[in-house]
1. Quick one: length gained pulling Ala23 to Met1 fully straight, 0.36 nm per residue minus the C-alpha distance?
2. Work out, step by step, the length gained on full extension between Thr36 and Phe51: first 0.36 nm times the residue separation, then minus their alpha carbon distance; give nm to one decimal.
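What follows is calculated from the coordinates using simple rules that are stated; it is not laboratory data. Fair warning: this is a prediction, and the values are worked out from it, not measured in the lab.
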Amino acid sequence: MDLLLKLYELGKSNLPEIISGVAHLVLLGSVIVKLTPTVKDDNYFKPLIRFIGKYIALDKYGTPK
């Protein structure tokens, strides 16, 4: 239980850094998907971008397909 409280406090105190890190990962994935001509890398990043766009960004309409 003490570990969970420590993790909660750690997440709470570093929330801006966590959000910034997630935003940077989405940005990097989106740039790679848009700049590369092959579809192979799109298949790796597209599920991650959709997940973040739908659940973490709380997009109630979902991301476009």
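1. Separation in residues times 0.36 nm, less the Cα-Cα distance, equals 4.9 nm.
2. 3.3 nm
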